[in-house]
Amino acid sequence: MDYREAKKRAAKLRKEIDRHRYLYHVLDRQEISDAALDSLKHELVELEKKFPDLITPDSPTQRVSGTPLPGFKKVRHALPMLSLNDAFSEDEIAEWEARIKKVLPRNTPFDYFAELKIDGFAISLIYENGALKTAATRGDGSIGEEVRENIKTIDSIPLTLTTLAEIEKEREIKTLLKKFPDLKNSVSRPPRSCEIRGEIYMTKQAFEAINKERSKKGLPLFANPRNIAAGSVRQLDPRQTALRRLEFFAYDITTDIGIKTHEEKHAAAKIFGFKTIDVVKHCGDKKEILDFWREVLKKREKLPFLIDGIVVQVNQVRVFERLGVVGKAPRGAIAFKFPAEEAVTRVQEIVLQAGRTGVLTPVAVLEPISVGGVTVSRATLHNMDEIKRLDVRVGDTVIIQRAGDVIPDIVRVLKNLRPTGAKAFRMPRTFCGESVVRNMGEAAHRIAHPEKCALVTRERICHFVSKNAFDIQGLGPKIINRLCDEGLIQDAADLFSLKAGDIKPLERFAEKSAENLIRSIQSKKEIELPRVIYALGILHVGEETALDLAAHFGTLKKLERASEEELEHIPNIGGVVARAIYEWFQNEKNREFIKKLLHRGVHPQSYKLHTKNYKLQGITFVLTGGLETLTRDEAKARIRELGGDISESVSKKTGYVVAGKDPGSKLKQAEKLRVKVIGEKDLLKLIGS
């Protein structure tokens, strides 16, 4: 076969292989066997080997190719990849609908489109002139990572968009075009530039197979399919990604190609060559949304992939766009989640965990159990009141609940399964050699003299070096434990007297890493006063209170000498907090620690709040979620410069809640208290950026 004949044959092979990919992945139909398809692919491979000039970027043979990548390039999304706000009940769906209607002009017609919320990994695909040009992860919503070489290994993602002429005779496509007659104008040919968004996931079957293989090899098992999908997409070696058998569902076309509804976007994506979710519903009202949610909940376990709810959005594209964005979430869409997942296990032991302030938290040690794809072995019991309420004992069979990334809770004890001799937990009178007390008005028990407890000391050192305190890079809990075990440090002040030679003999410390750690510690000797105050670990003193104290006193010495009355008169500091601060500085051991810190060369810089004007005076802001333009600290500093206050909690006195990406419970509290919620753009206007 000469080059000319080979070129024609290769073109036909590529077209035929792509056609069968479309039939299998999009229309769920198979006309030829896997062996026959493999034979076609093999013939194409041999032709391309013989005539390398025939290899094209979109050739099916290029799905698994290339050498490992040195790293991922950053890609800025043309439109931010937004997260969704969550709803967990019928009432919250009703409240969401009410908010939509409040924003829209009266009698604006709209309905909804509901689809499964796949527990996967979001990806943006850019096609230029029909060919895959860019594939980017969500990243922070604005900037992601270019992962095209890895994405090419996923068969359900087309390397080139399908043209309508190639598949319009297929029965399923005829049905789609009959249902949406206006769609033909938008999909007659792929647009010059087009962005498709969707979810990469791993099926339950593939997940079980990969864990079975790892078990045979004695390797640790993966926790859940989503983690594998995310990790595989970000593999630097595309060949490793190819081994993971990933799949892709398209759920949106962000490019304006004249499509009027979200439902039609699904149809268009299917025509372009993408697998779309079949379990969907066009809903006329919230009753139909609830019916669909219940229907999906019943069939959830039978689905071939994991889901954690449904996504509901306003179906009409123009109405959806008019609704805009609140914080980092579109107002016109919501994730209607399923109830928190539960599992049954047994309590093996109840232990106490000591915090940096000496608070003792009971923790149930459980027989390891998988909940929602994650193996857990511990659950918090909060305090003795909670233990009594549950009547939980060692040996009990319990129901545990896990919602998102929250530490699991025990929600119920199955007392009919209680074994004979199940032991009730009693708070010990002493812990770490010190008395255990419970102060009036507090739910928690605590160590009377926490400074004498080695466990508390280690927690305090961890707090001291944490991000919002001294922020010492490379100094984690494991290294701190080792330094304490070896007697190299007694408290955080001792860190500043360490030398590279002290830690180089320790296991896993080479000369270079020892020097880097010492350099990191020494670089923090000159440090801002608010960070020092926060690092001291004073009861009730968080970041904001530390800033208030620094702004009021200016130096650590003045703060040390402050009376309880003076502390109580500082804005945002009440009697309980004032007493805790005063008593901390009256403690001789704490005073000695500060002297030792200063003697080791730590120099807290004097602090003065620089106020440009008082434009925001009297207004309290609460920030929740990630910001795009500013860091959280920069935003807080700008607010303070204009006389505004910052709080960590939402109350009726809060002026504004600034909602960024993934805002969390503070946003819900703001809505409950009817506190005004603004986005980052509104904040930038207020602070003059």
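The values are calculated or read from the model by the stated rules, or taken from the named source; none is laboratory data. As the structure is a prediction and not an experimental result, all values here were calculated from the model. So basically every Cβ, Gly included, is an ideal-geometry build from the backbone, and we count neighbours across all protein chains shown.
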TODO: Would you check if G626 is crowded, with 16+ Cβ neighbours inside 10 Å and over 28 Å from the mean Cα position of the chain (by Cα)?
DONE: no
- [ ] Scan the stretch 401-437 for residues that are assigned to a loop (DSSP other than H, G, I, E, B), within 21 Å of R356 (Cβ to Cβ) and in contact with a helix residue (DSSP H, G or I) (Cβ under 8 Å, 6 or more places away or on another chain) and jot them down.
- [x] M427, C432, G433
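Select the helices (runs of 4 or more DSSP H) contained entirely in the stretch 500-540, then report the ones holding at least 2 residues which are surrounded by fewer than 17 Cβ atoms within 10 Å (Cβ to Cβ) and either in contact with a Gly (Cβ under 8 Å, 6 or more places away or on another chain) or touching a residue at least 24 places away in the same chain (Cβ under 8 Å) (or both).
Answer list for the stretch 500-540: 511-522.
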Open item on the list: Can you say whether P191 is outside any helix (DSSP H, G or I), of a type outside the set (S, T, Y) and farther than 17 Å from G130 by Cβ, as far as the supplied structure shows?
Closed with: no
TODO: For I570, work out the one condition from (1) at pLDDT below 90; (2) buried (at least 21 other Cβ atoms within 10 Å of the Cβ) it doesn't fulfil.
DONE: (2)
TODO: State whether one or more residues within the stretch 530-542 are over 35 Å from the mean Cα position of the chain (by Cα) and closer than 20 Å to E442 by Cβ.
DONE: no
Task: Selected residue (only one of G258, G332, G324, G309 is outside the structural domain of E628 (by TED's automatic domain parsing), touching a Phe, Trp or Tyr at 6+ places or on another chain (Cβ under 7 Å) and at positive phi) - done: G309
- [ ] Filter the stretch 383-401 down to residues that are over 30 Å from G120 (Cβ atoms) and surrounded by fewer than 17 Cβ atoms within 10 Å (Cβ to Cβ) and give me whichever is nearest to the chain's Cα centre (by Cα).
- [x] E386
Open item on the list: Is it the case, given these coordinates, that F305 is in contact (Cβ under 8 Å) with a residue 24 or more places away in the chain, touching a Cys at 6+ places or on another chain (Cβ under 9 Å) and more than 29 Å from A98 (Cα to Cα)?
Closed with: no
Open item on the list: Testing H42 on (1) loosely packed, with under 15 Cβ neighbours inside 10 Å; (2) farther than 20 Å from A131 by Cα; (3) modelled with pLDDT of 80 or more, one condition comes back false. Which one is that?
Closed with: (3)
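Would you confirm whether or not the stretch 600-608 contains a residue that is under 30 Å from M81 (Cα atoms) and either part of a helix (DSSP H, G or I) or among the charged types (D, E, K, R) (or both)?
Step one: of the stretch 600-608, the residues under 30 Å from M81 (Cα atoms) are none.
No, every residue in the stretch 600-608 fails to be under 30 Å from M81 (Cα atoms) and either part of a helix (DSSP H, G or I) or among the charged types (D, E, K, R) (or both).
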TODO: With the condition kept exactly as written, say whether any residue in the stretch 279-287 is farther than 22 Å from S83 by Cβ, in contact with a strand residue (DSSP E or B) (Cβ under 8 Å, 6 or more places away or on another chain), small (G, A, S) and assigned to a loop (DSSP other than H, G, I, E, B).
DONE: yes
